[in-house]
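Worksheet: one structure, shown below.
We did not get these values from a lab; they are worked out from the coordinates using the rules stated. Being a predicted model, the structure only gives us computed values, none of them experimental. Quick reminder, even Gly has a Cβ in these numbers, built from the backbone with ideal geometry, and neighbours come from all protein chains shown.
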Amino acid sequence: MELKIIYFGMIAEAISRTEEIILVPEYCDLNKLYELLKNRYKQLHKLSFTIAVDKEIPSDNKILIPKNEIALLPPFSGG
Amino acid sequence: MKKRKTVFVEGPILPSFIANSIEKHQTKTTIGAHDIFLGQVRADEIEGKKVTAIAYSAYTEMAEEKLEQIREATFASYDLTCMHIYHSLGTVKTGEICLFVFVSSAHRKVAFDALEYLVEKIKKEVPIFGKEIFADETHVWKVNKV
């Protein structure tokens, strides 16, 4: 299935893109997505980030579906 | 869906905007105490280079949702008359204001406590990203201290 991923801040800069659609196996969960993205982008190994699903940071692992809005967020630095 | 309050301001938050906001509350006479937090861009020195500005970006939709949740949680915990939050997007030069949080209540203690709670939550939970820019146009990404 396809997942749309959006990237922010230093993550977007490190991988030179702000969004993309990636192909993942059916029933891909959050842990699997972390693994896939780290394999796809070596830059992510040394960067700290969290994944938001539908504008929330899930406290547990969860199965993803194509209509999820998935975002890679670097550490926050507002204020 | 209910209309969200405007939070993001393009560029710095001007002192005149803050003064105007204070003035607007003079008709609300149940208020006995205001407390204000202003975040100002600091000229940090990083590896011998001085920061001249911060360029802010945000995951705007999530940030607005998160701020709405924080507003509701704050109103539920503290007896406030009103609450306003403004944050800059784009470039804010050192010495300029990037965050304006304004709470009002009948008495001071509630205002003091609510303001601290709010500012800490905003820094920790709202997806805003600051890029510290140096005079030579290079940059580093800022990370908030917990």
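Shape class for the range B:68-143: prolate, because the ratio a/c of the largest to smallest gyration tensor axis (alpha-carbon atoms, square roots of eigenvalues) is 1.5 or more and a/b beats b/c. Sorted ascending by nearby beta carbons within 10 Å, beginning with the fewest, B:VAL103, B:VAL92 become B:VAL92, B:VAL103. Rounded to the nearest 20, the Cβ-based charge dipole of chain A about its Cα centre (Lys and Arg +1, Asp and Glu -1) stands at 260 debye. Overall size of chain B from C-alpha positions, given as principal axis extents largest first: 51, 30, 26 Å. Translational diffusion of the protein assembly as shown was estimated from the Stokes-Einstein equation, with Rh taken as the Kirkwood radius over Cα pairs; at 25 °C and 0.890 mPa s the coefficient is 128 µm²/s. Exposed loop sites were defined as trypsin sites (Lys or Arg not before Pro) in DSSP loop states (anything but H, G, I, E or B) carrying at most 16 other C-beta atoms within 10 Å; in chain A the longest segment without such a site runs A:18-54. In the range B:7-125, a dipole from Cβ-located charges (positive for Lys and Arg, negative for Asp and Glu) runs towards its positive end, and of B:LEU38, B:ILE122, B:VAL9 it is B:LEU38 whose Cα lies farthest in that direction.
Modelled spin-label separation between A:LYS46 and B:LYS124, with each label point placed 7 Å from Cα along the Cα-to-Cβ direction: 3.0 nm.
Placing +1 on each Lys and Arg Cβ and -1 on each Asp and Glu Cβ, with no other charges, gives the range B:1-102 a dipole about its Cα centre of roughly 220 debye.
The loop-placed GluC sites (Glu not before Pro) in the range A:1-55, going by DSSP, that have at most 11 neighbouring Cβ atoms within 10 Å of their Cβ come out as A:GLU26.
Modelled spin labels at A:TYR34 and B:THR30, positioned 7 Å past Cα toward Cβ, are 4.7 nm from each other. Projection of the Cα convex hull of chain A, averaged over all directions and equal to a quarter of that hull's surface, yields 5.2 nm². Comparing Cα centroids, the range B:24-48 and the range B:105-138 end up 9 angstrom apart. Within chain B, the longest run free of exposed loop sites, counting trypsin sites (Lys or Arg not before Pro) that sit outside DSSP helix and strand states (H, G, I, E, B) and have at most 15 other Cβ atoms within 10 Å, spans B:43-144.
Highest mean packing first, where packing is the average number of other Cβ atoms within 10 Å per residue, the peptides B:75-87, B:53-65 line up as B:53-65, B:75-87.
Net charge dipole, the range B:1-45: roughly 500 debye, given to the nearest 20, about the Cα centre with Cβ charges of +1 for Lys and Arg and -1 for Asp and Glu.
Each residue, A:ILE63 and B:ASP113, gets one label point 7 Å from its Cα in the Cβ direction; the gap between the two is 4.5 nm.
Counting Cβ atoms of other protein chains within 10 Å of each residue's Cβ and taking the mean over peptide B:127-137 gives 4.
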